[in-house]
Structure formats: C-alpha cells, structure tokens
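Each remark here refers to the structure printed beneath this line.
The values are calculated or read from the model by the stated rules, or taken from the named source; none is laboratory data. Quick caveat, the model's predicted, so the values are computed rather than measured. Every residue, glycine as well, gets a Cβ built from its backbone with ideal geometry; the counts of neighbours run over all protein chains shown. Surface accessibility is based on the protein's heavy atoms, side chains included, excluding ligands, DNA and RNA. Shrake-Rupley method; radii C 1.70, N 1.55, O 1.52, S 1.80 Å.
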Amino acid sequence: ATSLFGWTRSEMLGRNVSMLCSARHAAAHDSYLRRYLTTGVRHVIGTRRETTARRKDGTEFPIELGLTEVVHPRTGRRTFCGFV
C-alpha cells in the first residue's frame, strides 16, 4: 500500500479498504460486503477482475484485483483479502 497507493502502514491499519477504491466503488463498497454477508451470493469474491483503484492523492489507476474470503478454522472469523 505504501508504494502503490501512497499511504503509510500506520495510515492504513484499521481503516476501511474502501479508501483504496475508485470513487465509483468506494461509496458502495460496504453495501457490496453487506449484500454478500446477508445472501451468501458471490458477485466478486473468488474472482479476478480489472477495476480502478485510488491513491492517497486521489488519482485513479487501473488494477487487476483478486478477492477471496478466509475463514479461521477455530473461531470462524471471516476475513476478506484483496490481491492487486
């Protein structure tokens, strides 16, 4: 995140990943996640796609994004990981 997006590690930790989304997707990011958690229907999770990301300075640039869900085997805690 530091070299590609311009944020420091401390600026990113604990923040919503929507700050890295293009303006088009940032506003809807939480509703996308909520829809998946409610319905279990995957639209983007488990796929790779070309999209647009946003740097700290607001410039947008093309990326290939892969999203996956990781469920902790003992606690069942769900985490989502994006790969650029």
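Odds and ends about this structure:
- Against the numbered list (1) in a loop (DSSP other than H, G, I, E, B); (2) of a type outside the set (A, V, I, L, M); (3) in contact with a strand residue (DSSP E or B) (Cβ under 7 Å, 6 or more places away or on another chain), GLY58 comes up short only at (3).
- Considering (1) open to solvent by 90 Å² or more (accessible area, probe 1.4 Å); (2) on the phi > 0 side of the Ramachandran plot; (3) not acidic (Asp, Glu), the lone condition that LYS56 does not fulfil carries the number (2).
- Residue among ARG77, ARG42, ARG55 that alone is touching a helix residue (DSSP H, G or I) at 6+ places or on another chain (Cβ under 8 Å) and over 17 Å from SER18 (Cβ atoms): ARG42
- Scope segment 43-55; condition among the hydroxyl-bearing types (Ser, Thr, Tyr) and in a loop (DSSP other than H, G, I, E, B); matching residues: THR47
- Only one entry in VAL44, VAL71 is open to solvent by 70 Å² or more (accessible area, probe 1.4 Å) and among the aliphatic types (A, V, I, L, M), namely VAL71.
- Whichever residue in segment 12-41 is assigned to a helix (DSSP H, G or I), in contact (Cβ under 8 Å) with a residue 24 or more places away in the chain and surrounded by 12 or more Cβ atoms within 10 Å (Cβ to Cβ) and, among such residues, is nearest to the chain's Cα centre (by Cα): VAL17
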